[in-house]
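Let me begin by presenting the structure, written as structure tokens, before commenting on it.
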Amino acid sequence: MIENLDLSLVDWSRAQFALTAMYHWIFVPLTLGMAFIIAIMETIYVKTNDPAWKKITKFWMTLFGINFAIGVATGIILEFEFGTNWSNYSWFVGDIFGAPLAIEGIMAFFMESTFIAVMFFGWNKVSKKFHLISTWLVAIGSNLSALWILVANGWMQNPVGMKFNPDTARNEMDNFWDVLFSPTAVNKFLHTISSAYILASVFVIGVSAWYILKKTNVVFAKRSIVVAAVFGLLTSLFTVMTGDNSAREIVRDQPMKFAAFEGLYNGSKGAGLVALGIMSTSEGDGTNENMKDFNFKIEIPNMLSYMAYLDGNAFVPGVNDIIKGYTDNDGEVHPPVTEKMEMGRKAIAALKAYKAAKKIDDTVGANEAEKELKANFKYFGYGYFSDPYEVVPPVSISFYSFHIMVGLGMYFILLFVLCLVYIYKGNVVNKKWFLRMAIWSIPLAYLASECGWILAEMGRQPWVIQDLMPTMAAVSSIDSMSVIITFFLFLLVFTGLLIAEIKIMLKQIKIGPNHGGN
Amino acid sequence: MNNVLNRLVKLPKTIWEFYYEGFRNQSKWSRQLWLIILIKLFVMFFILKLLFFPNFLKTKYDSDQERSDYVIDQLTNPKKSIK
Ligand code: HEM
């Protein structure tokens, strides 16, 4: 009965999703963050009535417009992929996210066609106040439109508030508020949008630094830097806080992801935090048992236990502990993966038995099978594995992406502080090294942001829905060749869009704020 | 009252003029952006979606019952991975 699964289909489907999601994410954070920066700048203009602030607002609005126009609708591609490449997943998730995402789409359309139109066409046509309100509504609306997709992602990482219907093989929403306010979803939303504010702030600072280096539009650039640095600094602190909350949530709901991004193979009480490390590549031993985890590391003793549980002596499980089973700090017993695999197999068999019993109207048999399914459903997805080590995500990728993101987060805080210090002291114009560093920080902000998603999505492998559906069970049985062809088509289309974005942006930046327009 | 009514009657025209003027007075680069948006939407919806991204379950089966049966069959007959 066991068919063969073409792994290249899974790999290409994943590669295609990763490619399109990462390209899509190049456009999104700048829109989310820049919208607020523009709204703040325009508020200053309306408050002070200083035309210089109007010019500043209009210039950054132009860059916002370019990014928005090129990025808009690139996310729909991901929905195409769900329906074609990931049909088992889409069916299993049910209609839960369909309606909210559709409402979000309609809301976004109306918001874009009205308030963005007022933002760009409305100068001198509507009152200053109405224009300002429209700008704020664009900022709030665009950020809210990221909400549902992030709630959906949060649900996949920590599926709550649903009930599985064995008749349809779909999950049905049981408690809307549990889904919306799941700590995973809340932290994810807040962390994602606040990290986008950092990216936009770094972008504004970098472009402004270029003007100062070129000795043009210096006053304009300094004012822009002040707004972006204050906004960036405040939101950085918030990003650290939400990231920290995310991590504390992950250690409970996705401990394997946590162990992976901390590079922790063997857990312990009073675990140390590896602040910096080079992971060993000696993965010769398939079980990781005797694996030397780091070639080099700088470790802060007890810090990991403290960060995970706010107790320096708490036990933090590592990859091997999770495989073998462990008892957490609250006394809850987590069974070994082999046991979960057994339960998963029982759940799968029970679903099959349920379906068969239903077909012949055997109510007793169906009831029994349903009971068995319910008892084991928690570990449904483990039934697809044949080796417990299949549940380990790529540790090195998770570790490095996490550490690059956090390291850059600290660096951006330093950048924002230095901006404010130099502006306050009035010597930013002379700090050429700093201005160059600010320009080079733009790609670093994108790197940090992409690393965040790499961590979130690679770190949760092999799951598409934590514990319930592994990636290999989620793909459609389609020809892998068609996925390969569309992979390259997307590569072409998105690369074209990115080149267009960079070219038009650079042109507009060179033209500068004095000759900009809508 | 009359004034409000008058404004309401004129509203569609005002909105039309707002957009019309807005589009007409765009700069060259804005027009380029619109062109990019239109080409992008065409490629996405008329080439990629229609030719390469049919909804797998919707095109293969006619009813939700059949779709459920198919997915349950897929989920309960786990595939063995081959490299
Ligand atoms: C400095 C401290 C930071 C900490 C402690 C932190 C922590 C985290 C954690 C634990 C995740 C994984 C969440 C998940 O898997 O569900 C994550 C994801 C992410 N991070 Fe960070 N992060 C920090 C800074 C940053 C910075 C500076 C950026 C970008 C400028 C960033 C952007 C992201 C993004 C886009 C994601 C994916 C969305 C999500 O899962 O929340 N993070 N971060």
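Rounded to the nearest 100 Å², what's the accessible area chains B and A bury against each other, both chains counted, probe 1.4 Å?
Interface between B and A: roughly 4600 Å².
How many lysine pairs are close in region A:177-282, with Cα atoms under 29 Å apart and the two 8 or more places apart or on different chains?
Close lysine pairs under the 29 Å cut-off: 4.
Could you work out what % of the accessible surface of region A:349-501 is carbon and sulfur, using a 1.4 angstrom probe and leaving DNA, RNA and ligands out of the count?
Within region A:349-501, the accessible surface is 69 percent carbon and sulfur.
Taking θ as phi - 60°, what are the ³J(HN,Hα) couplings along region A:207-215 by the Karplus curve (6.51, -1.76, 1.60), each to the nearest whole Hz, with x for Gly and Pro?
Values, residue by residue: 5, 5, 4, 4, 4, 5, 4, 7, 6 Hz.
Can you compute the helix-only [θ] at 222 nm over the protein assembly as shown? Use -39500 (n - 2.57) per DSSP H run of at least 4 residues, normalise by all residues, nearest 500 deg cm²/dmol.
Computed ellipticity for the protein assembly as shown at 222 nm equals -22500 deg cm²/dmol.
Taking a quarter of the surface of the Cα convex hull of chain A, what do you get in nm²?
For chain A, averaging the hull's shadow over all directions gives 26.6 nm².
Give, as a single signed number, the net charge of other residues whose beta carbon lies under 11 Å from the beta carbon of A:W86, with Lys and Arg counted +1 and Asp and Glu -1.
-1
Checking the a/c ratio against 1.5 first, then a/b against b/c, what shape does the Cα gyration tensor give for region A:1-90?
Working: a/c = 5.24, a/b = 4.46, b/c = 1.18.
Prolate is the answer for region A:1-90, as a/c is 1.5 or above and a/b outweighs b/c.
Round to the nearest 10 and give me the degree value, 0 to 90, for the angle of helix A:432-458's Cα axis relative to the longest principal axis of chain A.
The angle comes out near 20 degrees.
Relative to the first principal axis of the alpha-carbon coordinates of chain A, what is the inclination of helix A:128-144, with its axis defined by its Cα atoms, in degrees from 0 to 90 and to the nearest 10?
That helix lies at roughly 20 degrees to the long axis.
Between the helical axis of A:76-85 and the dominant principal axis of chain A, each derived from Cα atoms, what acute angle in degrees is found, rounded to the nearest 10?
For A:76-85 against chain A, the angle is about 20 degrees.
Considering only protein heavy atoms and a probe of 1.4 Å, how much of the accessible area of region B:1-52 is carbon and sulfur, as a whole percent? Intermediate values should be presented prior to the final figure.
Working: 3020 of 4280 Å².
Accessible surface attributable to carbon and sulfur in region B:1-52 totals 71 percent.
Please give the per residue volume of the convex hull enclosing the alpha carbon atoms of region A:123-181, rounded to a whole number of Å³.
Working: hull volume 6.5 nm³, N = 59.
Cα-based convex hull of region A:123-181, divided per residue, equals 110 Å³.
Using amide H atoms built in the peptide plane, which far-off residues or other-chain residues are under 5 Å from A:Y326 H to H?
Placed amide hydrogens put A:H334 under 5 Å from A:Y326.
Over 25 Å between C-alpha atoms is what I'm after, so list which of A:K55/A:K128; B:K13/B:K40; A:K58/B:K28 land there.
As for pairs spanning more than 25 Å Cα to Cα, those are B:K13/B:K40.
Under a point spin-label approximation (7 Å from Cα along Cα-to-Cβ), what is the A:F110-A:E172 distance to one decimal in nm?
For A:F110 paired with A:E172, the spin-label model returns 3.0 nm.
Is the C-alpha gyration tensor of region A:383-518 telling us rounded, prolate or oblate? Criteria: a/c under 1.5 is rounded; beyond that, a/b larger than b/c is prolate, otherwise oblate.
Oblate is the answer for region A:383-518, as a/c is 1.5 or above yet b/c matches or exceeds a/b.
Would you check the accessible area of A:L468, probe 1.4 Å, heavy atoms only, in square angstrom rounded to 10?
The accessible area of A:L468 comes to roughly 20 Å².
Hey, what's the protein assembly as shown come to in accessible area per residue, 1.4 Å probe, Å²?
Ligands and nucleic acids excluded, the figure is 46 Å² per residue.
Place +1 on the Cβ of every Lys and Arg and -1 on the Cβ of every Asp and Glu in region A:167-255, take the dipole about the Cα centre, and give the residue among A:P255, A:L237, A:V218 whose Cα lies farthest towards its positive end.
A:V218
B:F23: net charge of surrounding residues, Cβ under 12 Å, Lys/Arg +1, Asp/Glu -1, itself excluded? Mind dumping the intermediate values first?
Details: positive: B:R24, B:R31; negative: B:E17, B:E21.
In short, 0.
The values are calculated or read from the model by the stated rules, or taken from the named source; none is laboratory data. Keep in mind it's a predicted model, so treat the numbers as computed, not measured. Counting neighbours? That spans all protein chains shown, and the Cβs are built from the backbone with ideal geometry, glycine included. Calculation scope for accessible area: heavy atoms of the full protein, side chains included, ligands and nucleic acids excluded. Shrake-Rupley method; radii C 1.70, N 1.55, O 1.52, S 1.80 Å.
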